[in-house]
Structure formats: structure tokens, C-alpha cells
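Colleague: One structure, pasted below without further comment.
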Amino acid sequence: MAADKARSWVYAEGYIPERDVVAHAREVALDLGADPVSTGVGSALRMVAAVAGARAVLEIGTGAGVSGLWLLDGMSPDGVLTTIDHEVEFQKHARRAFQAAGVSGQRTRLIAGRALDVLPRMAAHGYDLVVVDADISETPEYLDHAVRVLRSGGVVAVAHALWHDRVSDPAQRDEDTVVMREIVRVLGQAEEFLPCLLPVGDGLAVAVRR
């Protein structure tokens, strides 16, 4: 049974082929030491952006632009992706990836800085989708900001929600696993959200703000 599940996971991850520009951004991300979302997670984010009709997306954790490329592909053609990362080098490569994909500079806003310093400046109820893929220890605070900046009916998505298959194992008690486990629990019980936990990639927690 375990082998069958593993085979199905691999099949699902390869279900949507990755564009060359995304594959290149993934290679760059890995070279930089970033941890890009998997193809399965990327395609799920693209679908969420499309279903939400997202015109304003806030991404916490730019990386080398892998998730941003998926999001832009699903967003409204006039939508704007605002993405925050404290690593200037990451954002330099993300900007190159967006340009290589033919994305207009008017559709991306890259902000270099610590997310918790930048997020208080984001407009309340100004975003259709917030994607969190950054420092796990700060993710609970990112979610507090997501409640503030999301419009009613907006969506929050948290990458790495299963954290290397450790979240589901109560015996795993390292700090990052405990924090992510609590994030998933809180999202699942929060009255502000209608949640779902997707077993794609390293896990994707998705919740709609009521």
C-alpha cells in the first residue's frame, strides 16, 4: 500500500508539466539554497489563484520566483503580485525569471526586507490571496497579518504544511515541526477560515477567509 501511495504521489506531481522558464528558476533556486515549491504545489497555487480570480496577490517568501511564476500564470491578466523576501540575491533572480517569462514589470512588485517589518504597511482587505513560504518560526505572525490584509472570500495558502512528513507524526518534536503542526491545527479550527489540507508536494494548507 505504501508503495502504491508513493507511486500515486509521483504521478500526481508530474501531472502538470513544468514550463521551461519555471524549471530553470527551480534550478537557480536550488543552487542558491532556496527550497522552491514542488510542481504539484505550484499547479495547486495556480489553480487557487485562477479560482479566486486573484488580481492582488501577496507572497511572503520570493525565493527565485518559482511559486511567483505559477501564481502569475493563474492570476487575472491585469493582476499584480507583491512578493517579499529579505534575500536581495533571491529577488534579483526572481526578477530575471519573471522577465524571461514575458511578465510585464507592472505586474510584479518585489519588496526586499524582513516580512514582519513590511507586512504592517500592506493595505487592510487589499488582497485576494496570500501565500506563505518563509521562516516557519514567524508564520503564526504572518497568518495574523493575512487575516487583516485578506478581503472577505480571500484565500491564504501555507507551503510546506506537512514539513517533510513530520507534522503527522506526533513523535516528531523538533521546533519547526511543532510550529507547523500548530499552524495547521489553528487553521483547521479558526472561525475566520474555511480550511483544507492538501497532500501535494511537502503539503499545502489552504483556507478561505469567511
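Values in this text are rule-based calculations from the coordinates and carry no lab data. Please read all numbers here as calculations on a predicted model, not as lab measurements. With ideal geometry, Cβ positions are generated from the backbone for all residues, glycine too; neighbour counts draw on all protein chains shown.
Colleague: Rounded to the nearest 20 Debye, what is the dipole magnitude of region 71-153 about its Cα centre when Lys and Arg each give +1 and Asp and Glu each give -1 at the C-beta? Each step should come with its number before you reach the end.
Modeller: Values: 9 positive and 12 negative charges, 78 e Å.
For this selection, approximately 380 debye.
Colleague: Of the residues L71, L129, L110, which exhibits the maximal mean-square fluctuation in a Gaussian network model of the chain defined by a 10 Å Cα contact cut-off?
Modeller: Its mean-square fluctuation being the largest, the pick is L110.
Colleague: Sticking with this structure for a sec: Show that you can apply the helix-only estimate: for the chain, add -39,500 (n - 2.57) for every DSSP H stretch of four or more residues, divide by all residues, and state [θ] at 222 nm to the nearest 500. Can you show the working numbers first?
Modeller: Values: 8 runs with 90 residues, N = 210.
After summing the helix terms and dividing by residue count, I get -13000 deg cm²/dmol.
Colleague: Cα centroid distance between region 52-82 and region 86-154, in Å?
Modeller: 9
Colleague: Now a separate question. By the gyration tensor of its Cα atoms, with a ≥ b ≥ c the square roots of the eigenvalues, what is the shape of the chain: rounded for a/c under 1.5, prolate for a/b over b/c, or oblate? Kindly include the intermediate steps, with their values, before the conclusion.
Modeller: Working: a/c = 1.42, a/b = 1.11, b/c = 1.27.
Rounded, because the longest to shortest axis ratio a/c is under 1.5.
Colleague: For the chain, give the share of DSSP beta bridges that are antiparallel, in percent and rounded to the nearest 5; count only bridges with both residues there.
Modeller: Values: 11 of 30 bridges.
Among the beta bridges of the chain, antiparallel pairing accounts for roughly 35 percent.
Colleague: Taking the chain as a Gaussian network, where each spring joins two C-alpha atoms under 10 Å apart, which residue of A157, A56, A12 fluctuates the most?
Modeller: Evaluated over the chain, the most mobile residue of the options is A12.
Colleague: In addition: In nanometres, what is the gap between the two model label sites at V10 and Q106, each 7 Å from Cα along Cα-to-Cβ?
Modeller: Using points 7 Å along Cα→Cβ, the separation is 4.6 nm.
Colleague: I've got another one for you. Taking the simple approach of a point 7 Å from Cα along Cα-to-Cβ for both A3 and E191, what is their distance in nm?
Modeller: 5.0
Colleague: Please get the size of the charge dipole for the chain, origin at its Cα centre, with Cβ charges of +1 on Lys and Arg and -1 on Asp and Glu, quoted in debye to the nearest 20. Before the final figure, lay out each step's value.
Modeller: Values: 21 positive and 29 negative charges, 148 e Å.
Around 720 debye, computed over the chain.
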